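Below you'll find the structure, written out as structure tokens, and then a few comments.
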Amino acid sequence: MATSYSVAQIKEKVHEIAHGEFAERIAAEGFKPCMSGMLFQVNGAFPKMWGFIDLPKEEKAKYKNPYNFLYAICEELGLTPIVEAAPVEREVKAEPAAAEPADPFTNVPTSNKRLPIMREASLEFSEPGVEGGIPAFVDPATDANEEDNKARAAYLSDKTWCGRVLSEHDKVLKDYGNLTCLTRFPPEPNGYLHIGHAKSMFLNFNYAKQHNGKTILRFDDTNPEKENVEFVESIKADVHWMGHEIFKTTFTSSYFPRLYAIAVEFIKAGLAYVDDQTDADMKLYRGTKPDGTQCEPRDPPCRFNSIETNLREFQRMKDGFYREGERTLRLKIDMRHANPTMRDPVAYRIKFCEHHRTGTEWCIYPSYDFSHCLIDSFEDITHSMCTLEFQIRQIVYNYVTERAKVYLPMQWEFNRLNLTQTVMSKRKLLQLVTDKHVRGWDDPRMPTIRGLRRRGFTPAALNALCAAAGVTRSDSQTIRASLLERCVREDLDASAPRAFAVVSPVKVVIENFAELLATHPDSATVEGDAIICTHPLKVTADTYTERLTSELFIEESDFMATPTKGFLRLFPGGSVGLRFGPTIQLAKEGAVFTEGGMTVLRVTGVWGATPSKFIHWVSAADAVPAEVRLYGPLFEDEKPDLSDGWEKRLNPDSLVVKRGYVSRFVAETARIEGHYQFERLGFFVVDKDTVMTKGKVTSLVVNRTVGLRDSFK
């Protein structure tokens with residue numbers, strides 16, 4: 001790549017483009033409608049042109065962007081911005097009379113009993129309605145283009161490929177290590193993974209693992225507008241963190257040349273055509289009016305263009321001649337099919353946007369319907385698993401793979417996983433971030449994998465939730481958040497070390513401290529210090545010392561100036577036991593003060609008493625200050641998606657920040673994402689906002705992962 005491009009070089013290229021393939025259109029419409037395509041070609045000739053152009057800084061600032069710079073060059077060349085467009089003649093044949101609607105494509109059963117049929121069906125085309133087969137598509141009789149009919153008949157008559165592709169597929173699995181199963185997890189790199197993706201990961205990776213298989217991580221990167229490297233790397237990190245072993249990582253964009261070649265073959269076989277309809281017109285011709293009511297489907301005029309015309313138009317799409325939305329490549333199936341997804345779905349559309357991997361090499365990108373099934377086949381996937389909303393598109397999946405004469409994988413559909421008191425839509429999650437209702441995509445209240453990880457949820461807990469949820473085919477599956485709490489509680493209870501912490505501190509001053517130490521019944525214990533086991537259920541667990549001092553902090557909720565009925569902890573005239581320490585007694589009067597905004601209790605201590613309750617505590621002399629973030633459900637409603645004004649249902653108390661104290665043991669052992677059970681408070685995790693200097697904590701931040709009891713509705 002050149003270190004810089006001169007303005008003269010770029011002007012020369014613009015002149016060449018404007019007086020070459022764009023000349024006819026510029027003369028008819030002006031250069032402004034051609035700007036996107038021209039800029040695409042300039043960037044193709046001079047990669048990252050705007051970053052390497054030899055242009056003074058002040059001049060570059062004046063233009064602001066490459067679009068304005070190119071516009072100025074066109075004006076300098078004497079080109080006209082806008083010309084009243086003359087009507088364009090196009091090759092159109094009379095629309096034939098409507099035919100009887102074709103029978104729906106019979107979906108192949110996906111129960112475990114019938115699954116092998118999908119693989120066997122790749123061997124041959126079955127007749128419609130034959131038990132155990134995939135019905136062959138019956139080409140509509142409405143197409144009056146004789147050339148298309150001949151090409152299509154010749155293309156479909158060749159069935160020698162069936163045995164060949166199956167043999168090649170078996171060889172690939174053998175070369176991979178005699179695999180019997182190959183699955184894929186195919187996220188689009190346009191956002192961060194959330195807990196719904198965790199279920200898809202769990203199913204794909206674990207099914208393969210249990211059936212002598214492996215799983216490919218494939219990035220479905222066909223929409224360059226919303227995709228970037230940051231999302232790619234975050235998805236990789238999330239998959240690894242979840243504990244899944246990736247067989248290999250692939251990208252749909254790596255197959256762009258092969259997909260394009262198949263699209264060309266489809267055109268040559270009369271199976272695809274270039275259309276100039278807008279999205280609204282497509283919807284209308286498919287049988288849906290702007291008001292949502294149904295109407296009779298019709299064939300688009302461009303459906304009857306010749307193969308030669310379609311090849312030329314598709315090449316022009318690829319060369320950047322048309323604006324976005326001005327042309328699409330559509331599969332030529334049946335505009336009157338009972339399944340609307342079969343009414344000539346889009347295979348390619350124009351996008352003038354730099355791709356995170358291919359740069360400006362392409363300005364046409366394949367659709368999901370066209371690319372997804374083919375990439376599954378290219379990668380020899382044995383089990384293609386997707387959520388239920390794609391079940392209606394299974395017919396397109398089957399059609400494209402058979403017409404492309406490639407291997408047809410099995411398809412399984414399963415329902416999505418949703419959680420109560422949150423939203424899962426990427427659009428709504430983005431709105432939460434942009435409207436600053438949360439602090440970012442990794443906010444611990446978000447259902448993203450990053451957010452859950454920061455909250456302190458573990459991979460084991462998330463996978464346990466997915467296992468508990470199971471795989472069903474019901475339309476929706478909303479799991480109560482309390483089940484997720486239970487999963488993480490069970491996981492952390494077995495591993496998290498115990499420690500003392502006080503979230504809302506009240507200071508306790510033991511006025512007879514010297515006398516208390518002198519009368520300690522155990523002479524082996526130094527000054528009454530508490531020896532605390534970090535995990536009472538582990539025989540080999542470590543211990544740490546919580547030093548008993550004259551000033552302590554206890555939890556605000558463990559004291560009531562005016563006790564309610566049944567309150568058994570500390571109150572004026574009452575007593576309470578300190579865990580691993582003495583019993584403290586509070587005088588009925590004159591023992592409660594306020595210093596610096598904090599309640600101070602002056603108590604006396606005694607050994608050997610039998611109090612009704614015991615409470616936790618930390619030494620005021622040794623405890624380390626900490627910012628304690630108490631997280632709750634993000635929404636008040638159990639199913640906010642079903643409510644009008646969902647963003648108004650946010651829980652105002654989803655985050656409460658406290659200034660508390662933790663045992664020195666926590667500060668000395670803390671690491672980012674380290675877990676603790678703070679006794680009587682819940683499970684907490686060290687947040688990434690914690691500041692550490694040379695391995696030692698200088699500013700501690702902890703997040704509450706979950707309480708010791710259910711907190712969700």
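The values are calculated or read from the model by the stated rules, or taken from the named source; none is laboratory data. In this text, all values refer to a predicted model and were calculated from it rather than measured experimentally. Cβ sites come from the backbone with ideal geometry, for glycine too, and all protein chains shown count toward neighbours.
Here are the numbers for the structure shown:
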{"quantity": "Residue satisfying all of: in the stretch 624-648; assigned to a helix (DSSP H, G or I) and within 23 Å of the chain's Cα centre (by Cα); modelled with the lowest pLDDT among these", "calculated": "Leu642"}
{"quantity": "Output for the stretch 247-300, where each listed residue is small (Gly, Ala, Ser), out of contact with any strand residue (DSSP E or B) (no Cβ under 8 Å at 6 or more places or on another chain) and buried (at least 18 other Cβ atoms within 10 Å of the Cβ)", "calculated": "Ala269, Gly270"}
{"quantity": "Qualifying positions in the stretch 389-413 - more than 16 Å from Asp376 (Cβ to Cβ) and at pLDDT 90 or above", "calculated": "Ile392"}
{"quantity": "Index of the failed condition, Ala670 passing every other in (1) more than 18 Å from Ser557 (Cβ to Cβ); (2) surrounded by fewer than 17 Cβ atoms within 10 Å (Cβ to Cβ)", "calculated": "(2)"}
{"quantity": "Tally of residues being within 16 Å of Leu462 (Cβ to Cβ) and without any contact (Cβ under 8 Å) to a residue 12 or more places away in the chain across the stretch 224-239", "calculated": "1"}
{"quantity": "Pair list, Cβ < 9 Å and 6+ apart or interchain, from the stretch 156-176 residues that are closer than 18 Å to Glu265 by Cα to residues that are surrounded by fewer than 16 Cβ atoms within 10 Å (Cβ to Cβ) and of a type outside the set (A, V, I, L, M, F, W, C)", "calculated": "Lys159/Glu124; Cys162/Glu124"}
{"quantity": "Given (1) among the β-branched types (Val, Ile, Thr); (2) in a loop (DSSP other than H, G, I, E, B); (3) crowded, with 16+ Cβ neighbours inside 10 Å, index of the condition Ile554 fails", "calculated": "(2)"}
{"quantity": "Test result for Cys487, free of Cβ contacts under 8 Å to residues at least 40 places away in the same chain and in contact with a Leu (Cβ under 7 Å, 6 or more places away or on another chain)", "calculated": "yes"}
{"quantity": "The stretch 342-380, subset of a type in the set (A, V, I, L, M) and touching a strand residue (DSSP E or B) at 6+ places or on another chain (Cβ under 6 Å), residue farthest from Phe266 (Cα to Cα)", "calculated": "Ile350"}
{"quantity": "Helices (runs of 4 or more DSSP H) within the stretch 145-229 that include 2 or more residues within 30 Å of Leu465 (Cβ to Cβ) and within 23 Å of the chain's Cα centre (by Cα)", "calculated": "195-210"}
{"quantity": "Residue match in the stretch 450-458 (condition: of a type in the set (Val, Ile, Thr), in contact with a Lys or Arg (Cβ under 9 Å, 6 or more places away or on another chain) and over 30 Å from Val606 (Cβ atoms))", "calculated": "no"}
{"quantity": "Candidates Glu188, Glu168, Glu225 - the one that is within 18 Å of Lys426 (Cβ to Cβ), surrounded by fewer than 21 Cβ atoms within 10 Å (Cβ to Cβ) and modelled with pLDDT under 95", "calculated": "Glu225"}
{"quantity": "Number of the condition not met by Gln41 [criteria: (1) in contact with a Pro (Cβ under 9 Å, 6 or more places away or on another chain); (2) within 22 Å of Gly359 (Cα to Cα)]", "calculated": "(1)"}
{"quantity": "The stretch 593-639: number of residues that are charged (D, E, K, R) and within 23 Å of Val657 (Cβ to Cβ)", "calculated": "4"}
{"quantity": "Selection count where residues are touching a Phe, Trp or Tyr at 6+ places or on another chain (Cβ under 6 Å) and of a type in the set (S, T, N, Q), scope the stretch 663-685", "calculated": "2"}
{"quantity": "Residue list for the stretch 631-681, filter: of a type in the set (Ser, Thr, Tyr) and touching a residue at least 12 places away in the same chain (Cβ under 8 Å)", "calculated": "Tyr631, Ser654, Tyr661, Ser663, Thr669, Tyr676"}
{"quantity": "Hey, Val509 outside any helix (DSSP H, G or I), in contact (Cβ under 8 Å) with a residue 24 or more places away in the chain and in the same structural domain as Leu430 (by TED's automatic domain parsing) or not", "calculated": "no"}
{"quantity": "All positions within the stretch 631-666 that are aliphatic (A, V, I, L, M) and crowded, with 21+ Cβ neighbours inside 10 Å", "calculated": "Leu634, Val662, Val666"}
{"quantity": "Top-ranked residue of the stretch 131-165 - restricted to ones that are surrounded by fewer than 17 Cβ atoms within 10 Å (Cβ to Cβ) and of a type in the set (Lys, Arg), ranked as modelled with the highest pLDDT", "calculated": "Arg164"}
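To keep it simple, each residue is scored yes or no on (1) more than 30 Å from Ala620 (Cα to Cα); (2) surrounded by fewer than 21 Cβ atoms within 10 Å (Cβ to Cβ); (3) not assigned by TED's automatic domain parsing to the domain that holds Asp238.
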| residue | (1), (2), (3) |
| --- | --- |
| His437 | yes, yes, yes |
| Met446 | yes, no, yes |
| Ile449 | yes, no, yes |
| Thr458 | yes, no, yes |
| Asn463 | yes, no, yes |
| Ala468 | yes, yes, yes |
| Arg480 | yes, yes, yes |
| Leu492 | no, no, yes |
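Each row is one residue, and each column tells you yes or no for (1) surrounded by 22 or more Cβ atoms within 10 Å (Cβ to Cβ); (2) under 30 Å from Phe635 (Cβ atoms); (3) touching a residue at least 40 places away in the same chain (Cβ under 8 Å).
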| position | (1), (2), (3) |
| --- | --- |
| Tyr365 | yes, no, yes |
| Asp369 | no, no, no |
| His372 | yes, no, yes |
| Thr387 | no, yes, yes |
| Arg393 | no, no, yes |
| Arg403 | no, no, yes |
| Pro409 | yes, no, yes |
| Asn418 | no, yes, yes |
